[in-house]
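Asks: Structure below; questions to follow.
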Amino acid sequence: MSESPDNQELVARLNSETAKIGWHELQKHYALGNVLAVAEGGDLIQVAIALHQDNSAQIQQWLDEKVVLEVSDQQALAWYESNATVWALVIPPFILVQAVSQ
């Protein structure tokens, strides 16, 4: 992805809006189907940029490759039971989450 000044500004803004949050705090959003997970090794910021820019071809590729996926009930339950902390970034209407590396 090119690093134009606009893109650099977007990356900086998205980085500043990314934070760790307890999974319990995301239950309402998960129940509404608004939470997407970024797999370990995926780039949370690049996924956010693609969503922000409505790059449906790239998002579809990541969905096919399981880089971006819906949070399964099993994963949600595991995070809930372990009171997991995840990285989160809001790109309306979605909240992107990624497990915090141990």
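Asks: Test of understanding: among A88, A37, A50, which residue is in a helix (DSSP H, G or I), surrounded by 14 or more Cβ atoms within 10 Å (Cβ to Cβ) and at pLDDT 95 or above?
Replies: Exactly one residue qualifies, and that residue is A50.
Asks: I need a count of the residues in region 22-34 that are surrounded by fewer than 17 Cβ atoms within 10 Å (Cβ to Cβ), hydrophobic (A, V, I, L, M, F, W, C) and closer than 13 Å to A99 by Cβ.
Replies: 0
Asks: Something else: Within region 50-62, how many residues are aliphatic (A, V, I, L, M) and under 16 Å from N34 (Cβ atoms)?
Replies: Residues flagged as aliphatic (A, V, I, L, M) and under 16 Å from N34 (Cβ atoms) within region 50-62 amount to 2.
Asks: Also, quick follow-up: Could you list, ordered by first residue, the pairs with Cβ atoms under 8 Å in which the first is in region 52-69 and closer than 18 Å to L89 by Cα and touching a residue at least 24 places away in the same chain (Cβ under 8 Å) and the second is hydroxyl-bearing (S, T, Y) and part of a helix (DSSP H, G or I), at least 6 apart or interchain?
Replies: none
Asks: Also: Pairs needed: first member in region 2-18, of a type in the set (S, T, Y); second member anywhere, at pLDDT 90 or above; C-beta distance under 9 Å; at least 6 residues apart or different chains.
Replies: T18/L44; T18/I45; T18/A48; T18/W87; T18/A88; T18/L89; T18/L96
Asks: Among the residues of region 20-37, what is the count of those that are under 12 Å from the mean Cα position of the chain (by Cα) and at positive phi?
Replies: Qualifying residue count, region 20-37: 0.
Asks: Looking at (1) surrounded by 12 or more Cβ atoms within 10 Å (Cβ to Cβ); (2) among the polar types (S, T, N, Q); (3) at pLDDT 95 or above, can you tell me which one N7 breaks?
Replies: Answer for N7: the failing condition is (3).
Asks: May I ask you to verify whether L26 is assigned to a helix (DSSP H, G or I), of a type outside the set (D, E), touching a helix residue (DSSP H, G or I) at 6+ places or on another chain (Cβ under 9 Å) and modelled with pLDDT of 95 or more?
Replies: yes
The values are calculated or read from the model by the stated rules, or taken from the named source; none is laboratory data. Computed from a predicted model, the values in this text were never measured in an experiment. All Cβ positions, even for glycine, are placed from backbone atoms using ideal geometry, and neighbour counts span all protein chains on display.
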